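The values are calculated or read from the model by the stated rules, or taken from the named source; none is laboratory data. Remember, predicted model here, so these are calculated numbers, not experimental data. No Cβ is skipped: glycine too gets one built from the backbone with ideal geometry, and neighbour counts run over all protein chains shown. Calculation scope for accessible area: heavy atoms of the full protein, side chains included, ligands and nucleic acids excluded. Shrake-Rupley method; radii C 1.70, N 1.55, O 1.52, S 1.80 Å.
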Amino acid sequence: MQLFVDANSILDGDGSKAKPFKNISQAATIAKPGDEVLVAPGVYREYVSPVNAGTEDNRIVYKSIKPLEAIITGAEELTNWEKYEGSVWTASVDNSIFGSFNPYTTYVYGDWYFAGKSKHTGAVYLNDKMLYEAASIEECIKAEIYKCSWEGETSRYKWYAEQKDGRTVFYVNFLDYDPNNEKVEINVREQCFVPEKTGIGYITVSGFTITKAATNWAPPAAYQNCMVGPHWSKGWIIEDCDISNSKCSGIGLGKYLDPENDHFFTYKHVKSPTQMERDAVCRGQYHGWTKENIGSHIIRRNNIHHCEQGGIIGRMGCVFSTIEDNHIHHINNMMELGGAEISGIKLHAAIDVTMRRNHIHHCTMGIWTDWEAQGTRITQNLLHNNQRPEFAEPLPGGMMSQDIFVEVGHGPTLIDNNLLLSDVSLRIASEGVAMVHNLICGSFTSVGGGCDWEVEGVLRQRYTPYHIPHRTEVMGFMTILHGDDRFYNNIFVQRFSPEDVIIRSDSEEVYNPENRQVGTNVFDEYVTYNTWIEYFQLENDVPDMKELEKFHFRPLPVWIEGNAYLAGALSYKNEKNKLIDSESKVVIELSEEDGRTVLETNVFDLVKDFKVQMITSDVLGEAFEPSQRFENPDGTEIIFNTDYFGDSRGMDIVPGPFGSAISKKIVY
């Protein structure tokens, strides 16, 4: 059955084409498996909570009749502005508009939030641009540039809100604008399109603009709210949407509300948030976290931008999903929020998740896979400019920047055929990672570190889970030994200065040097497999447990072969088959032409005569802790015989993401 919705209909109807509903929520209360909800262009100022689930064979489809012209928003227009002082104007609303949730008395805060408790979930928007929250009317009047902002002059547009006689009173510095002649909105709803209940699966959301919600911080051991998402269910498709201006997260693929473990550290203080993450994994299994019940979502062809925590956020609910062909950009650029959950894509437990053909840029971080990146594949993505601009100061409590961060997982985590063009390509506080056929223009950081803490002089190690292959059931817990990494057939280019930079810790005022030298030389202290396996005396059928104990806790070996090092990039000392060319000029230039991203480069020409082996799952082998191959989610072998564009590599294999010369070509 088809149900019709039209916000501009003169009269409310029954959902028929002749008499459409005025609100999507009306259709969402009655839509059944197999139904299609067709939404006409218009602005839908409502929270949509689908009541019924579809089925695998009969989805419920919500579709904008004209792409992006049906707008679901958590905001309301605010009018009748009066001059206050200078370029500051004032207006107010009765708090009844908020119901039980007032975004202007609710702070952004929670576990793993490091930037202080000073910003509210509320926001003011001028012509669809989120403005900066001031700490006082005086700060609002001054309209000074916020030094941590990545947006510079734009940060002078500020707002402040206070409570007075049951009303929220706004003071906004619009600079040269008259707000009575512009579109000014405030967010009033926490979410836009999310089921209130868990288990409402097999829904398609297609072609909407979804924007402006008062979402709160979404850490891994808490309910992870968002503007749009499946809320702990299975089989959603979110496609062809424009998603923007969430105070925190845009799309949520995350955790349900568990009253026994919801911001436990923030509210009760007595247990480490790391311990409560382990707790969340185990309790999740009790609450139905299985392949049969959760995940297997498809997030595709969306434009996700200008959200201040993350574009896509999810703990555990993301498993077995595919995230493809999305444009994710300008995430956390306002630098008002800071903490350990900020990225273009931030996933915990990305088990068998594939992220492919995404374009991710101008984000604090591109992709962050935290804990349990087991069977995760990051392939054919373009990442660039995921680094703090030189004019911006670091935010106390803000995160370090890089294209990809793999944290405290045991693998197998596969990164192949990507263009990694920022100054840090990979933060690898992890093990069991394979990088194959990438163009790597940034450094590796956190090699051998970034996993554990020293507390009062005692090393406190982080034990994280690994799972039955291609399942969610926990197989064991282990610390990160480091190593067990593979680097085959990549091109490394020293595109930025190789000098270390001084980086502030995210959670405390401690400054340390961070590597910017590109290459695999950072693994020089790691042994090869042949050296490592000799430790264990396999010829002895009566092994000495005490003698071998020390080797059980040493770093694991690495496999590094067939890489090309250009423009001063450095190689692993034990790498035998490699190409080093520090003399030739390397060209790597991105530009925009007719709305497409174009890469001009000569890297293929510089490596075309250096032949390497074809890489397969058999070459990569198994990640050590879970004893799982680098393979497809269905257990079949991967043969790396196609390149970034999906073209065949042919018979002569060379390093890097391109199977043939490109000179200048559209890359997104």
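Data for the structure
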quantity: I360 being more than 26 Å from P655 (Cα to Cα), in a strand (DSSP E or B) and β-branched (V, I, T); calculated: no
quantity: Residue match in the range 447-469 (condition: in contact with a Lys or Arg (Cβ under 6 Å, 6 or more places away or on another chain) and surrounded by 18 or more Cβ atoms within 10 Å (Cβ to Cβ)); calculated: yes
quantity: Filtered residues of the range 65-92 (kept if surrounded by 16 or more Cβ atoms within 10 Å (Cβ to Cβ) and part of a loop (DSSP other than H, G, I, E, B)); calculated: G74, L78, W81, S87
quantity: Test: residue in the range 401-411 that is in contact with a strand residue (DSSP E or B) (Cβ under 6 Å, 6 or more places away or on another chain), over 25 Å from W112 (Cα atoms) and either aromatic (F, W, Y) or in a strand (DSSP E or B) (or both); calculated: no
quantity: Candidate set: the range 646-668, residues that are among the β-branched types (V, I, T) and open to solvent by less than 40 Å² (accessible area, probe 1.4 Å); chosen: the one nearest to V586 (Cα to Cα); calculated: I662
quantity: Residues of the range 603-618 satisfying the condition of being open to solvent by 60 Å² or more (accessible area, probe 1.4 Å) and part of a helix (DSSP H, G or I); calculated: D605, D618
quantity: Qualifying residue in the range 138-155 (condition: among the charged types (D, E, K, R), touching a strand residue (DSSP E or B) at 6+ places or on another chain (Cβ under 8 Å), open to solvent by less than 50 Å² (accessible area, probe 1.4 Å) and not in a loop (DSSP other than H, G, I, E, B)); calculated: no
quantity: One residue from A143, A134 being at negative phi, at pLDDT 95 or above and out of contact with any Gly (no Cβ under 8 Å at 6 or more places or on another chain); calculated: A134
quantity: K197 closer than 30 Å to E69 by Cβ, outside any loop (DSSP other than H, G, I, E, B) and touching a Ser or Thr at 6+ places or on another chain (Cβ under 9 Å); calculated: no
quantity: Sole exception among (1) open to solvent by 10 Å² or more (accessible area, probe 1.4 Å); (2) among the polar types (S, T, N, Q); (3) not in a loop (DSSP other than H, G, I, E, B) for T369, by number; calculated: (1)
quantity: Filter result (part of a loop (DSSP other than H, G, I, E, B), open to solvent by less than 50 Å² (accessible area, probe 1.4 Å) and among the charged types (D, E, K, R)) within the range 495-514; calculated: D506
quantity: Residue check, Y535 hydroxyl-bearing (S, T, Y) and open to solvent by 40 Å² or more (accessible area, probe 1.4 Å); calculated: yes
quantity: Complete set of residues in the range 561-582 that are more than 25 Å from K665 (Cα to Cα) and either of a type in the set (D, E, K, R) or in contact with a Cys (Cβ under 7 Å, 6 or more places away or on another chain) (or both); calculated: E561, K573, E575, K576, K578
quantity: Among residues of the range 619-645, those that are in a loop (DSSP other than H, G, I, E, B) and either surrounded by fewer than 17 Cβ atoms within 10 Å (Cβ to Cβ) or out of contact with any helix residue (DSSP H, G or I) (no Cβ under 8 Å at 6 or more places or on another chain) (or both), counted; calculated: 16
quantity: Extreme residue, nearest to I342 (Cα to Cα), among residues of the range 200-216 that are in contact with a strand residue (DSSP E or B) (Cβ under 6 Å, 6 or more places away or on another chain) and in a loop (DSSP other than H, G, I, E, B); calculated: T215
quantity: Any strands (runs of 3 or more DSSP E) falling wholly within the range 287-350 and containing at least 1 residues that are open to solvent by 20 Å² or more (accessible area, probe 1.4 Å); calculated: 298-300, 303-305, 322-324, 327-331
quantity: Criterion (within 17 Å of L126 (Cβ to Cβ) and crowded, with 22+ Cβ neighbours inside 10 Å) met by exactly one of N181, N216, N187; calculated: N187
quantity: Yes/no for P633 being within 25 Å of the chain's Cα centre (by Cα) and over 30 Å from T472 (Cβ atoms); calculated: no
quantity: The range 219-243 - residue that is touching a residue at least 60 places away in the same chain (Cβ under 8 Å) and surrounded by fewer than 22 Cβ atoms within 10 Å (Cβ to Cβ) and, of those, farthest from the chain's Cα centre (by Cα); calculated: G235
quantity: Given (1) part of a loop (DSSP other than H, G, I, E, B); (2) loosely packed, with under 14 Cβ neighbours inside 10 Å, index of the condition N52 fails; calculated: (2)
quantity: Qualifying residues in the range 93-118 (those that are in a loop (DSSP other than H, G, I, E, B) and of a type in the set (V, I, T)) - the one most open to solvent (accessible area, probe 1.4 Å); calculated: T105
quantity: Condition met for Y62 (open to solvent by less than 80 Å² (accessible area, probe 1.4 Å), over 27 Å from W159 (Cβ atoms) and among the aromatic types (F, W, Y)); calculated: yes
quantity: Members of the range 19-46 found to be assigned to a loop (DSSP other than H, G, I, E, B), of a type outside the set (S, T, N, Q) and within 29 Å of K183 (Cα to Cα), listed by number; calculated: P20, K22, A40, P41, E46
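Residues checked against (1) open to solvent by 50 Å² or more (accessible area, probe 1.4 Å); (2) closer than 30 Å to L395 by Cβ; (3) in contact with a Ser or Thr (Cβ under 8 Å, 6 or more places away or on another chain):
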residue: G476; (1), (2), (3): no, no, no
residue: I491; (1), (2), (3): no, no, no
residue: V542; (1), (2), (3): yes, no, no
residue: A567; (1), (2), (3): no, no, yes
